[in-house]
Amino acid sequence: MSVSFFSSAHLASTVTALRAAGCVFAEDEAELLLSAARTPDELAAMVERRAGGLPLEHVLGWAEFRGLRIAVDPGVFVPRRRTEFLVGRAVALAGRDAVVVDLCCGSGALGAALAAALDRVELHAADIDPAAVRCARRNVADAGGTVYEGDLYAPLPRTLRGRVDILLANVPYVPTEEVGLLPAEARVHEARVALDGGTDGLDVLRRVTEEAPAWLAPGGHLLFETSEGQVPAAVDAVERAGLTARVVEDEEWYATVVIGTRARGV
């Protein structure tokens, strides 16, 4: 059912309710809610959930990511638009086909988006959160991807060792003491395991970089996001693992991505 099903009064009242709740993009959100709702009662319930602080993506049940509609279940980490920059870097490095692993995959958005951009892909993903795993399985189905439940590399098949061309690791990197400062949409409605990166925010990242060389193919790449202030420590972790580190940034999206590359012939 489209926005046109509802009257201008429905649109106006929805915008008013969202503005009153503090939604910055009330007009855009109102149109999305009206497009998704099938009845006035359903619209009212969706507006109530959004006004109550539930992330828009959880209300809709999906998020847009690199032109794809990614299913996002309640409690699952919502893919950030800035992370499209990371996927774009991965596309440039992968060539036309690749063996891809998406660690800390959440909804599976990164792996699904990368697979959609390549001609051929062997896609594997993993997450420790059962809700995320269930969600990711739906999102990578079209790419023939497989999603495993477990801690980082532990659930991956051993046959992948030394074969991974692109290792995406959307690790949590918020320092534990700063999780409480996050917007309520993230702090209250997303799994803490997807946000909390430990004392300095890099605990999970260090574990990823330490094992990455054993999984990457010669010339393979590890890509992850981090904050600008964490770059020196993140680069150090990559180089200590024996990978060559490179930092790329996108000022428009405030995105900082570190790329670690395994040398060919090593």
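The values are calculated or read from the model by the stated rules, or taken from the named source; none is laboratory data. The shown structure was predicted, so the numbers you read here are calculated from the model rather than taken from an experiment. Because the Cβ atoms are built from the backbone with ideal geometry, glycine has one as well, and the counts that use them run over all protein chains shown. Surface areas here come from the heavy atoms of the whole protein model, side chains and all, with no ligands, DNA or RNA. Shrake-Rupley method; radii C 1.70, N 1.55, O 1.52, S 1.80 Å.
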State all residues of segment 198-212 that are surrounded by fewer than 23 Cβ atoms within 10 Å (Cβ to Cβ) and of a type outside the set (Val, Ile, Thr); if no residue qualifies, say none.
198, 200, 203, 206, 207, 210, 211
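Out of everything in segment 3-56 that is assigned to a loop (DSSP other than H, G, I, E, B) and small (Gly, Ala, Ser), what residue ends up being surrounded by the most Cβ atoms within 10 Å (Cβ to Cβ)?
37
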Determine whether residue 255 is small (Gly, Ala, Ser), over 24 Å from residue 153 (Cα atoms) and open to solvent by less than 20 Å² (accessible area, probe 1.4 Å).
yes
If we keep just the residues of segment 165-195 that are free of Cβ contacts under 8 Å to residues at least 40 places away in the same chain and among the β-branched types (Val, Ile, Thr), which is nearest to residue 124 (Cα to Cα)?
174
Of all residues in segment 121-164, count the ones that are open to solvent by less than 20 Å² (accessible area, probe 1.4 Å) and in contact (Cβ under 8 Å) with a residue 60 or more places away in the chain.
5
So, in segment 11-31, exactly how many residues are within 17 Å of residue 48 (Cβ to Cβ) and touching a Leu at 6+ places or on another chain (Cβ under 9 Å)?
7
Name, by its number, the condition in (1) open to solvent by 10 Å² or more (accessible area, probe 1.4 Å); (2) closer than 21 Å to residue 86 by Cα; (3) touching a Lys or Arg at 6+ places or on another chain (Cβ under 6 Å); (4) at pLDDT 95 or above that does not hold for residue 220.
(1)
Listed residues 89, 50; which is touching a residue at least 40 places away in the same chain (Cβ under 8 Å) and among the basic types (Lys, Arg)?
89
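Applying the selection to segment 196-211, what residues are more than 14 Å from residue 167 (Cα to Cα) and touching a residue at least 60 places away in the same chain (Cβ under 8 Å)? Before you say what the answer is, go through the steps one by one.
Of the residues in segment 196-211, the ones more than 14 Å from residue 167 (Cα to Cα) are 196-204, 206.
204, the sole residue that qualifies.
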